[in-house]
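In what follows, a single structure is set out as structure tokens and then discussed.
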Amino acid sequence: MIIETFFPQKKLTNADLETIFPDWSASKIEDKVGIRERHIAADSETALDLAFEASKIALKNFDKDLIDFVLLCTQSPDYLIPTSACILQDKLGLRTNIGAFDFNLGCSGFIYGLALAKGLIKTGVATNVLLVTSETYSKHLHPGDRSNRSIFGDAAAATIVGPTDAEKILEFDLGTDGQGMDNLILMNGGMRHKMEDKGSEWVDESGNIRSNNSLFMNGPEIFNFTIEKVPLVVENLLRKNNMMLSEIDYVIFHQANKYILNYLRMKIQIPKEKFYNNMLFTGNTVSSTIPIALKNCIDQNIITEGNKIMLVGFGVGYSWGGTIITV
Amino acid sequence: MKKKDFFCELKEALEFEDVTFTEKTEFRKIDGYDSLHVMMIIAFVDSKFGKRLTAKQLFSITDVRSLMDLIGIENFEE
């Protein structure tokens, strides 16, 4: 499995945030949420641009004519119509007799992408799938929303899934609960509620400026959701794959924030040395956190060939899912 | 759980070394209390009492006693 990543050049550091929000402590942000800086897309730089750059790197050592399906996970498309994956196919110079589409998911997106890629390959619809996750949540945030600006970073990851890789993607456990839609939502800008010229603003209980033109996240409810669902996904994955937790070499959850991950790790009783918790220089990059973590682990020999890796994503929707892969 | 143990464990969970917790301690008056501490309360109540508090309940908390009421005062003894 080839995985490559791309980050915008511009960075937002904790020191920058401390300057913007004087009662915000840079050291506290790093200590609690585990983030020192995050990459932020330039005004003219879109998720499609990031997807293009990550894909170009992934295709450096892979014959692009062998790609016969493009899956692009993003919630920041260039246009409502057409789907960004079609534009990406053209920009990359991929064959025209291939499939391509976007799918709209957040932090569970990479898991669903793997499920789609495996399905396409195992049914003979495709042979080599280019799975791209790309997000620019920074464009959805209100400038006065210090909580979310501290957490989210922009990035893209491009993963090439081939027939051998598909064999190494084991069983999945997927879940959906649309009752959680209100807890992580960008209310305006779709067909239900048009973007307001001058959207009304309010200050929430934590001092963040909110607007229906910007992303809203109910942090406590999202935390409650993860506490409830993630341990179940782990349990279901082990059962479906007929494995014990001790047989898993390494666990990579969606990198939401350090505190949430630490708590989940302790609750599920995953040994610290088998658990990835690192978003120090990237922040929470939504659908790209898992491939970024996978690449880092492979590059740093934290995981090696033959290792069994548990992957779990969870977030906006609510949508969640996990799988076990052999690298 | 004994109240004095609860106060000690709450103090440890919220990482406020210099604060002495009592039933009357008001969270928002503690220097440095912020939205991250709401997360810490969620984790603390889940791990110690197996109870899930909603965001609405959490934002209604004023002092430590109001948190104890949400957890269920029957869970505490002198």
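The values are calculated or read from the model by the stated rules, or taken from the named source; none is laboratory data. Just so it is clear, the model here is predicted, and its values are computed rather than measured. Note that each Cβ is placed from the backbone with ideal geometry, even for glycine, and that neighbours are counted across all protein chains shown. Ligands, DNA and RNA are stripped out before the accessible areas are found, and what is left, the full protein with its side chains, is counted by its heavy atoms. Shrake-Rupley method; radii C 1.70, N 1.55, O 1.52, S 1.80 Å.
Assorted remarks:
- Protein-protein interface of the stretch B:34-56, residues with accessible area decrease of at least 30 Å², isolated chain reference, 1.4 Å probe: B:Asp34, B:Ser35, B:Leu36, B:Met39, B:Met40, B:Ile42, B:Ala43, B:Asp46, B:Arg52, B:Ala55
- P(r) tail fraction, the stretch A:2-149 - alpha-carbon pairs more than 19 Å apart, %: 58 percent
- Over the stretch B:3-75, accessible surface divided per residue gives 53 Å², non-protein components excluded, 1.4 Å probe.
- Rg/Rh ratio calculated on Cα atoms of the stretch A:1-78 (Kirkwood radius): 1.12
- For the residue pairs A:Lys139/A:Lys272; B:Lys4/B:Lys29; A:Lys272/B:Lys24; A:Lys32/B:Lys24, the alpha carbons lie more than 28 Å apart in A:Lys139/A:Lys272; A:Lys272/B:Lys24.
- Trypsin sites (Lys or Arg not before Pro), loop per DSSP, at most 15 other Cβ atoms within 10 Å - longest free stretch of chain A: A:199-327
- Chain pair B, A: total accessible area buried, heavy atoms, 1.4 Å probe, Å²: 1700 Å²
- Scaling the Cα radius of gyration of the stretch A:78-196 by the globular reference 2.2 N^0.38 Å produces a ratio of 1.24.
- Of all accessible heavy-atom area on the stretch B:3-75, the percent that carbon and sulfur account for (1.4 Å): 48 percent
- A straight line joining the Cα centroids of the stretch A:42-99 and the stretch A:278-316 runs 21 Å.
- Pairs of Cα atoms nearer than 8 Å and 6+ residues apart set the relative contact order; for the stretch A:224-327 it is 34 percent.
- Within the protein assembly as shown, all pairs of alpha-carbon atoms sorted by distance into 20 Å bins from zero give the percentages 27, 56, 16, 1.
- Accessible solvent surface per residue of chain A, calculated while the other protein chains remain in place, 1.4 angstrom probe, Å²: 42 Å²
- Whole-number percent relative contact order across chain B, with pairs defined as alpha carbons under 8 Å at least 6 apart: 41 percent
- For the stretch A:171-225, the fraction of alpha-carbon pairs in successive 5 Å shells from zero, as %: 4, 16, 22, 22, 16, 11, 5, 3, 2, 0
- Using C-alpha pairs under 8 Å with a sequence gap of at least 6, the mean separation divided by the residue count of chain A gives a relative contact order of 24 percent.
- Accessible area per residue (1.4 Å probe, heavy atoms of protein chains only) ranks A:Asp249, A:Asp43, A:Asp145, A:Asp90 as A:Asp43, A:Asp90, A:Asp249, A:Asp145, with the largest value leading.
- For A:Ala126, the residues 5 or more places off, or on other chains, whose built amide H falls under 5 Å of its own are A:Ile121.
- Within the listed set A:Thr164, A:Thr83, A:Thr123, the residue fluctuating most in the Gaussian network model of chain A (springs between alpha-carbon atoms under 10 angstrom) is A:Thr123.
- Coupling constants for the stretch B:40-49 follow from the phi torsions by the Karplus curve (6.51 cos²θ - 1.76 cosθ + 1.60, θ = phi - 60°), and in residue order they are 5, 5, 4, 5, 4, 5, 5, 6, 8, 10 Hz; glycine and proline get x.
- Two tests apply to each whole DSSP H helix in chain A, Cα reach of 24 Å or more along its axis and mean Kyte-Doolittle hydropathy of at least -0.5, and the ones passing both are A:219-240.
- Residues whose amide H comes within less than 5 Å of that of A:Lys308, counting only those at least five positions distant or on another chain, are A:Asp249, A:Tyr250 (H built at 1.01 Å from N in the peptide plane).
- The amide H of A:Leu141, built 1.01 Å from its N in the peptide plane, has A:Leu215 as neighbours under 5 Å, considering only residues 5 or more places off or on other chains.
- Accessible surface of the stretch A:142-276, 1.4 Å probe, proportion on carbon and sulfur as whole %: 50 percent
- Taking only the C-alpha atoms of the stretch B:3-75, the Rg (one decimal) and the largest Cα-Cα distance, Dmax (whole number), read 11.0, 30 Å.
- Burial of 10 Å² or greater, the stretch A:5-53 residues [accessible area, probe 1.4 Å, versus chain by itself]: A:Trp24, A:Lys28, A:Lys32, A:Val33
- Solvent-accessible surface, computed for protein heavy atoms with a probe of 1.4 Å, shrinks by 50 Å² or more for the following residues of the stretch A:207-222 when the other protein chains are added to the isolated chain: A:Pro220.
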